[in-house]
1. Could you list the residues of region 180-205 with an amide nitrogen less than 19 Å from a label point located 7 Å from the Cα of L128 in the Cα-to-C-beta direction?
2. Of the cross-linked pairs K28/K67; K174/K239; K67/K174; K98/K174, which ones have a Cα-Cα span greater than 28 Å in the structure shown?
Amino acid sequence: MLFYICPASCVLTVADLQVLNDGNCLVKFDDDTYLIVSARNCGTCDAEIAHVKDLATENNLTLNCIKTKEMIFCAKGNQSSSAGHNLPPPFQNIERVKNLTVLGVVINDQLTAADHVGGLLTACSRLLYALRVLRSHGLPASSMHDVFRSIVISRLLYCSPAWSGFCSAADRTKLEAFLLRCRPLGYCSDHIPTVTEMFQEADDKLFSRILANNNHVLQQYPSNRTNTQYNTRTRAHNKTLISISILRRGGQILGSPIEMAGHPYNSAQPVMGIIRESSFVVMQ
């Protein structure tokens, strides 16, 4: 009989799980485990997933291959060199997908926000029915605006610093068109900020929290800016946001060794990386 393992037990079980090869990465959050394999280590995929399975077996667990997903990142317009790679027979049930929902954010295999924006617009459009019902019951305009901010704007801005940078001009236009459609209906104020302004405000708030909290999980990534002899304008901080040396080493973004294919600093490999979401069940 199979029972799903509770999050607390899963955290204790996978605490000792480490990658076998340098350049690969394991991201563990609550009961979710993500294995990220860089482009240069494509040949280690089978060994890494077998290692995860062996650890599960040692802890009276089994790797649920049906719920485990695989996604291959590749630059737009390029053919991935790993697309034809098939997993060994024990892992044939692992499905290869084009997009994956990670903590509520939809990530696709081309690292664009198109799928996430599409899902957001669909969900927010459904919420307009509830607002229409509230308006028909005589809800005041000020209260309507508060409800709109709490259920619509909050959904649009959920984790926006993580995905807004991947939005294209078309994605931002779609989001802005949705807000423009809500204004004449009275759901939101006529002075509501644009989508770009809200994204910028969310980024500024996150960056301010990073600077103010030395124990912030992202504090380790922005490096200190080197002093120069030039008399430049006063900066609000002394951090370097983009490290060219990191890009030249292969695009290690926030500790995740994902090859930045198509970037001017690295165009050797068309494949950007492989990510797998693992799911475990306990055997009894």
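1. It comes to 180-196, nothing else.
2. Numbers: K28/K67 16 Å; K174/K239 33 Å; K67/K174 32 Å; K98/K174 22 Å.
Among K28/K67; K174/K239; K67/K174; K98/K174, the Cα-Cα distance tops 28 Å for K174/K239; K67/K174.
Read the figures in this text as sums done on the coordinates, not as results from a lab. None of these values were measured; they are calculated from a predicted model. Here the Cβ is made from the backbone with ideal geometry for all residues, glycine too, and neighbour counts use every protein chain on show.
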